[in-house]
1. Name the single residue that is nearest to G266 (Cα to Cα) among those in segment 197-253 being among the polar types (S, T, N, Q), surrounded by 15 or more Cβ atoms within 10 Å (Cβ to Cβ) and at pLDDT 95 or above.
2. Please count how many residues of segment 125-182 are assigned to a helix (DSSP H, G or I) and either touching a residue at least 12 places away in the same chain (Cβ under 8 Å) or within 20 Å of the chain's Cα centre (by Cα) (or both).
3. Quick check on segment 257-266. Is at least one of its residues part of a helix (DSSP H, G or I), touching a strand residue (DSSP E or B) at 6+ places or on another chain (Cβ under 6 Å), at pLDDT below 95 and surrounded by fewer than 24 Cβ atoms within 10 Å (Cβ to Cβ)?
4. Looking at (1) more than 15 Å from C263 (Cβ to Cβ); (2) part of a strand (DSSP E or B), which one does S190 not meet, given that it meets all the others?
Amino acid sequence: MKQKKLTASRVKQILSAAQQTRALVIGDVMLDHFIWGQVGRISPEAPVPVVDFVRESFIPGGAANVARNLTALNVPTDLFGLMGRDSAANDLKRLLGDQKIGCQGLFAAANRSTSVKTRIVAHQQQVVRLDRETRAEMDAKTTSRLLELLETEIKTAAAVIIGDYGKGVVTQPLLDAVKQLCRRSGVWLSLDPKPVHRLNLKGLSLITPNRKEAFELAGVPDETRNSNPLSDRNLLQVVDRLLKELQPVLLLITLGEFGMLLCQAGQKPFHIPTVAQEVFDVSGAGDTVIASFTLAIAAGASPIEAAILSNHAAGIVVGKVGTAIVTPEELLASFKIS
């Protein structure tokens with residue numbers, strides 16, 4: 001893959017074209033709950049910090065954060081998933097409505113709780129995280145209802161993104177049916193994998209694991225690493241194995257401070273160095289990557305253009321505290337100063 005520079009004018013063109021497309025997001029939706037405070041002392045009861053409460057905030061998380069990243073860049077988006085019948089579900093649907101995310105595909109189940117991740121943050125550092133969730137697999141009846149609606153909605157969609165966080169929505173029957181629907185409709189299908197949740201991921205358009213997830217998917221130990229991904233023999237062996245075994249159209253491996261590696265069968269991997277200036281919080285950065293890459297592809301960008309654009313988007317969100325999104329103005333500005 002040859003090096004390519006992406007200009008601000010081209011980014012503006014891609015973002016404008018993306019607004020004329022439509023994306024569907026399927027997966028495990030969550031409510032991210034942040035408690036913000038300050039630490040001034042250690043508890044006399046145990047060696048833990050005492051956090052003085054300042055404020056709290058709620059943000060859509062998981063697959064809902066993927067959808068949020070899309071609508072932040074003005075891409076019409078509908079979300080498919082499963083929630084409980086509880087106050088957290090009400091809060092989540094209200095937030096999604098505020099961000100113009102279609103919720104017709106969000107189903108409520110009486111036998112499960114809405115996934116809530118509570119993070120306590122003090123002085124821009126996460127102190128602890130508390131998870132409340134149900135991990136049971138979605139039943140066959142709900143799966144059938146979701147797929148029936150998806151079959152109708154996919155007719156006007158340019159791309160589908162599956163966010164698997166191991167909470168029970170993304171099952172093998174669901175994935176197989178979505179793959180078949182996308183193939184039949186000629187719709188791009190991206191997936192952010194969860195290797196501990198063993199699924200047959202063969203034949204997707206895009207897979208976006210981070211380094212740890214890529215090695216887990218390949219079943220190879222990550223024993224050594226090189227600061228230059230193109231000279232990292234272990235990583236390149238994992239790339240070869242995943243391309244041969246899973247046969248995605250594209251494989252995008254995120255590498256933290258070392259940027260990203262875009263891989264395609266029959267071509268040399270393309271390395272995109274990170275553009276992040278400061279890293280405050282990586283929460284949700286993977287959601288930003290898969291959302292921005294997919295919208296760029298749907299808008300007619302080349303894989304390299306999509307990778308460079310998503311790398312800039314990720315560099316912006318990790319510089320913010322909490323589960324963040326990037327705006328078109330921020331994205332354009334990052335290209336003007338790069």
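The values are calculated or read from the model by the stated rules, or taken from the named source; none is laboratory data. Keep in mind that this is a model prediction, so the values were computed, not measured. Here the Cβ positions follow ideal geometry from the backbone for every residue, glycine too, while neighbour counts run over all protein chains shown.
1. Only one residue tops the list, namely S205.
2. Step one: list which residues in segment 125-182 are assigned to a helix (DSSP H, G or I), which gives 140-156, 172-182.
So of that shortlist, the ones also either touching a residue at least 12 places away in the same chain (Cβ under 8 Å) or within 20 Å of the chain's Cα centre (by Cα) (or both) come out as 140, 142-143, 145-147, 149-151, 153-156, 172-179, 181-182.
Residues that pass the stated criteria total 23.
3. Filtering segment 257-266 for residues part of a helix (DSSP H, G or I) gives 257-258.
Checking the rest, the ones that are also touching a strand residue (DSSP E or B) at 6+ places or on another chain (Cβ under 6 Å) come to none.
No, segment 257-266 has no match at all.
4. (1)
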